[in-house]
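What follows is calculated from the coordinates using simple rules that are stated; it is not laboratory data. None of the values given here were measured: they were computed from a predicted structure. Here Cβ is always computed from backbone atoms with ideal geometry, including for glycine, and neighbour counts include all displayed protein chains.
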Amino acid sequence: MNILAVEDPAIPEVLDLSSGLHVSAHQVIGTDYEKLIQLRMKIKEGLKIGIPLYACSVCGIAVSLLMHKVSRHFFFRHVKEDGRCPQISRGELSREEINARKYNGAKESALHRRMKSLVAQSLAADKEFSDIKVEERWKGSLSGEWRQPDICATYRGVKIVFEIQLSTTYLDVIVERRLFYQREGALLIWIFAEFDDENRRLLQDDVFYNNNQNVFIVNEESAAFSISAGLFRLSCVWSEPLPNGGSSLLRRKMVLFNELTLSRQTQRAFFFDYAGACERIAKEKTTVADSLRERFEQAWMASLDNTEVMPRLWGSFRKEFRAQGVQLPVYHNQLHAILINAIYSAKYGRVVGWKYTRFIEVAHLIAGGYKSYLWIFREALKVYDRGQQLMDEDKSGRWAVRVEIYKAAIKKNDPDYISDDKFFPVLEVLFPELF
């Protein structure tokens, strides 16, 4: 497991201000780096617009999400450390004012000036761009705020802002500019001098993962082409989702600006549609999984009358389940038939796999003799809405009594009712609605 949170955070629990729930810092930070970087952006945007996502559980002060410079693990810190909270957190990243000064200071570097010149020359060579301005003050139309973008231009009627992203560009700066230009109806595009496959700075990932896993580089080579061809060209770096999860190594290609998809609403510009590719893969997986689920159910039902059906198809099913990331037992009879029959019975509200006459008899069997299956069976009762059916079939009242008994036992943490999750991966393929 990829541990991303610091081991002993000063703020171990935060309040989710949307749900009202108190959640551990480790749970919020999680183990998915891509999602965490996207969460950092959302948290910072919430703070900028006055709608924080999380607050300290003890004092209620809003918190931000930071990374420890040495361990590169993440933690929450109060936005204001005024001594009110006993959970004093000490972060190592600079405050917003210092970040802004460092960003502005970087604008005076030789690299920044050179990159600015390369972008401006590239834009000037392309007739699609007009009204090109370098470091001209942009005053907000409503707020009165102002920014001084590196370069702005008009492309096919759309205002495009290009900012040079150097190592000293902090998340505060990225979010402030993103929100400002979004309000102004412009599209902000960050330009890099380089983008390494490994050992990237956190703030480079803040742009990459929040821009559909695309970033752009302008260098001497791309500028020379742009000037000679009369078309703005950039070097695009992106990754692609893999069918079985995760992402590819970084891909690189020189692309024309007119090949990009531009979205002012989401503040994204990209060459490869990573999110769209993820959707296609998920749709393909869903189609395959739906087919597998349907054929398995047909075979299972047929095997109740013909015991030769499952042995004949089991090898093929094992291969298909393995493609879904799930390992079936070597032999079909090692998959507990009582559990599968019980869930199919709950799904259809009739007895599957036994000679009982009423569905409630299946419920009594599980609650009385297979208590470790009760959790998932109860979930099936809820999802398939079988509560009223059980009440209607409970003429003697025995089921109502049994419910009170198992609820009390579960409340006392009776070990007999600990869920047997050995077959949960298989069930998640066959009955995804239960999970």
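Brief remarks on what is shown
- Cross-link partners for K382 among the lysines, with Cα-Cα distance under 30 Å and sequence neighbours closer than 8 places in the same chain left out: K283, K285, K347, K355, K371, K395, K407, K411, K412, K422.
- Sites E428 and S228, calculated FRET efficiency, Cβ-Cβ separation with R0 56 Å, nearest 0.05: 0.50
- Estimated FRET transfer efficiency when R0 is 41 angstrom, pair E279-D392 (beta carbons, to 0.05): 0.45
- Helix-only mean residue ellipticity at 222 nm for the chain, each DSSP H run of n ≥ 4 adding -39500 (n - 2.57), per residue, nearest 500: -13000 deg cm²/dmol
- Cα-centre dipole for region 13-82 with unit charges at Cβ (Lys and Arg positive, Asp and Glu negative), debye to 20: 280 debye
- Choice from F359, F232, F192 with maximal GNM fluctuation in the chain (Cα, 10 Å cutoff): F359
- Neighbour counts of C-beta atoms inside 10 Å place H73, H26 in the sequence H73, H26, starting with the fewest.
- C-alpha long axis of helix 33-48 to longest principal axis of the chain, angle in °: 60 degrees
- Among the listed pairs K127/K159; K69/K253; K35/K69; K116/K159; K35/K133, those whose Cα-Cα separation exceeds 25 Å are K69/K253; K35/K133.
- Between helix 374-383 and the chain: long-axis angle, C-alpha atoms, 0 to 90°, nearest 10: 70 degrees
- Pairwise centroid distance, computed over Cα atoms, of region 383-423 with region 293-309, Å: 28 Å
- Euclidean distance of C-alpha centroids, region 134-207 and region 11-62, integer Å: 25 Å
- Full extension of the chain segment joining T286 with N258 gains 6.7 nm, where the gain is 0.36 nm per residue of separation less the Cα-Cα distance.
- For the pair D305 and E7, a Förster radius of 51 Å applied to the C-beta separation gives a FRET efficiency near 0.35, rounded to the nearest 0.05.
- Helix 398-411 vs. the chain, principal-axis angle (Cα, 0 to 90°, nearest 10): 50 degrees
- Percent RCO, i.e. relative contact order, over region 281-434, from Cα pairs under 8 Å lying at least 6 residues apart: 21 percent
- Zone of E297's modelled label, taken as backbone nitrogen in region 332-354 under 12 Å from a point 7 Å along Cα→Cβ: 344-349
- Gain in span if fully extended, D196 to I51, counting 0.36 nm per residue against the direct Cα distance: 48.8 nm
- Size descriptors for the chain, from the alpha-carbon set: Rg then Dmax equal 28.9, 89 Å.
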